[in-house]
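The values are calculated or read from the model by the stated rules, or taken from the named source; none is laboratory data. Owing to the predicted nature of the structure, the values given are computational and were not obtained by experimental measurement. Please note: Cβ atoms are built from the backbone with ideal geometry, for glycine as well, and neighbour counts cover all protein chains shown.
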Amino acid sequence: PQELPLEAEDHQHQEEGEEKEEPGPENAFEKSPFHLTAEDVYDMSYVVGRELLTIRSEPSRTAQLQFKIVRILEMLEALVNESNLTVEELKMERDNLKKEVEGLRKECPAGKAEQLSLGPDKMIIDLTDPNRPRFTLQELRDVLQERNQLKAQLLIAQEELQCCKSGLISQKEDQAGPVQKESTVCNPSGSSKTNEEKTIIKRLFFFKSGK
Amino acid sequence: KMKSSLMHLVPPVSRDRIISHFPKWYTPEACLQFKDHFHAQVRSACQQRNTGTVGLKISKVVVVGDLYVGKTSLINRFCKDSFDRDYKATIGVDFEIERFEIAGVPYNLQIWDTAGQEKFKCIASAYYRGAEVIITVFDLADIQTLDHTKQWLEDALRENEPGSSFIFLVGTKKDLVSGAACERTELDAIRFANEMQAEYWSVSAKTGENVKEFFSRVAALAFEQSMLKELEKSYGRMAQIGAGNLIRIEGNSLETPESNAQANCC
């Protein structure tokens, strides 16, 4: 118990000897508990010891109090050290994770890294996707154009087929048939041709007039 | 360019494509014209077979509107009398040719069905040019699609001479909405139609309600318009040259139909 005051006196001497900018031991009490260091705890220990010196009237009680207080300070010291250790450990873990992430980024294919630097109007195409876009607008235009032409031809062919089916041709053939037979047998081919042409024009005129 | 030779056989126009009386509008609140008969000039020209170069006239119709409103279904109901429940997005554009006989004169509608998907807009819009009729379609059960019709129309009009196209606004899927809901939406649609200078129709491709009536109306209006334009042209030429028999010469050209046998698609 007697050593403590001496220690305290030393402390005070030291302090007086050093520059004024160093905060006094009382300062430790004003600090946030989360910013406490082990040094602060020693400062608090010194201050408490100095206070105890003033109640020397009952030495036996003071000693008891002194031991208890020292015990509390020891516990506090342990806690602070423990938490500082935890912080150190967490910092180390954070650094390790950082390294791990960087390593993974380097391992990834170049494409994914590029994605981050892609402009807003760019698109990534998965070349393994069988349904990926791969034809150009012009190609689609051309295909559509061709489809339209084919469809137009189909419509014409369908109409002609309908004519054939509805017997319009056979009706015509009934008329033209004998003439043609005649022509192949008797007439020169020239005259039968003009005959045929006439009937085609007639027929067209017939349809055009909407009958 | 697509050329179709008319040196081929054409079956007679089916009976339900023969239009002899001018088809009626859907609602007087939003209709392009109130007349119930063909223009006198057109009628007499048709009667005299004095249709000259109009003889085998094709008018271009483009159908635009949001995806899934039923543009293809509407066209398929009319042209093929079929309805497919399953949705299949149109790729780029498609077309149908529908043959009519109007006032005794053969007449074709070339109906261009466009994709509603945004990504096909750049392809489909190339087909807007030279449209005698623009049909903007929306879904009666999805009011948002009505809001978008103005944009569709604007895009289509950009490719055409101002005032050269008839505009129709069509609400589809009438079968999906109740009578009261339909009437409410129609009020909005009629307001839109008036702003767009369009004629309004409510239809159902599924049940076929009003589909034939609608396209008959489209065909008759487009036919009359193109006849008037042709007649105006030939009268203009006649006045210029002062040769009254020019039209008769054109009439004779009916016998060589290859000369005007170009289907002006694309």
What are the residues in region B:47-71 that are modelled with pLDDT of 95 or more, hydrophobic (A, V, I, L, M, F, W, C) and not in a strand (DSSP E or B), if any?
-> B:Leu67, B:Val69
Taking the condition within 28 Å of B:Glu230 (Cβ to Cβ) and polar (S, T, N, Q), does B:Ser164 pass?
-> yes
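Residue-by-condition table, conditions (1) within 14 Å of chain A (Cβ to nearest Cβ); (2) part of a helix (DSSP H, G or I); (3) modelled with pLDDT of 95 or more:
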residue: B:Tyr200; (1), (2), (3): no, no, yes
residue: B:Phe215; (1), (2), (3): no, yes, yes
residue: B:Met238; (1), (2), (3): no, yes, no
residue: B:Gly244; (1), (2), (3): no, no, no
residue: B:Cys265; (1), (2), (3): yes, no, no
Looking across region A:116-158 at residues that are surrounded by fewer than 10 Cβ atoms within 10 Å (Cβ to Cβ) and in a helix (DSSP H, G or I), the single one that is modelled with the lowest pLDDT is A:Leu116
Within the group B:Lys121, B:Lys80, B:Lys88, B:Lys71, which residue is charged (D, E, K, R) and crowded, with 24+ Cβ neighbours inside 10 Å?
-> B:Lys71
Within region B:1-22, residues being β-branched (Val, Ile, Thr) and at pLDDT 90 or above number 2
Residues that are under 20 Å from B:Trp112 (Cα atoms) and among the charged types (D, E, K, R), drawn from region B:207-223 | B:Lys212, B:Glu213, B:Arg217
Here the qualifying pairs (Cβ atoms under 8 Å; residues six or more apart or on different chains; first in region A:136-157 and within 14 Å of B:Ala126 (Cβ to Cβ) and at the interface with chain B (Cβ under 8 Å from one of its Cβ atoms); second outside any helix (DSSP H, G or I) and aliphatic (A, V, I, L, M)) come out as A:Leu140/B:Ile91; A:Leu144/B:Ile91; A:Leu144/B:Val93; A:Asn148/B:Met2; A:Asn148/B:Val93
If a residue has to be touching a helix residue (DSSP H, G or I) at 6+ places or on another chain (Cβ under 9 Å) and part of a strand (DSSP E or B) to count, how many in region B:87-113 make the cut?
-> 18
Under 6 Å by Cβ, and 6 or more places apart or on different chains, what pairs join a residue from region B:177-193 that is assigned to a loop (DSSP other than H, G, I, E, B) with one that is surrounded by 13 or more Cβ atoms within 10 Å (Cβ to Cβ)?
-> B:Val177/B:Leu140; B:Val177/B:Ala141
A:Gly111: away from chain B (no Cβ under 11 Å), modelled with pLDDT under 85 and either surrounded by fewer than 12 Cβ atoms within 10 Å (Cβ to Cβ) or within 60 Å of the chain's Cα centre (by Cα) (or both), yes or no?
-> yes
Answer residue from region B:114-141, given it is charged (D, E, K, R) and in contact with a strand residue (DSSP E or B) (Cβ under 9 Å, 6 or more places away or on another chain) and is nearest to the other protein chains (Cβ to nearest Cβ) among those = B:Lys121
Just name the residue that is farthest from B:Val170 (Cα to Cα) out of those in region B:87-113 that are among the hydroxyl-bearing types (Ser, Thr, Tyr) and within 11 Å of chain A (Cβ to nearest Cβ).
-> B:Tyr107
Flagged in region B:60-95 as under 21 Å from B:Asp147 (Cα atoms) and of a type in the set (Phe, Trp, Tyr), in numbering order, are B:Tyr68
Please state which of the following conditions B:Asp84 fails to meet, knowing it meets all the rest: (1) assigned to a loop (DSSP other than H, G, I, E, B); (2) within 14 Å of chain A (Cβ to nearest Cβ); (3) acidic (Asp, Glu).
-> (2)
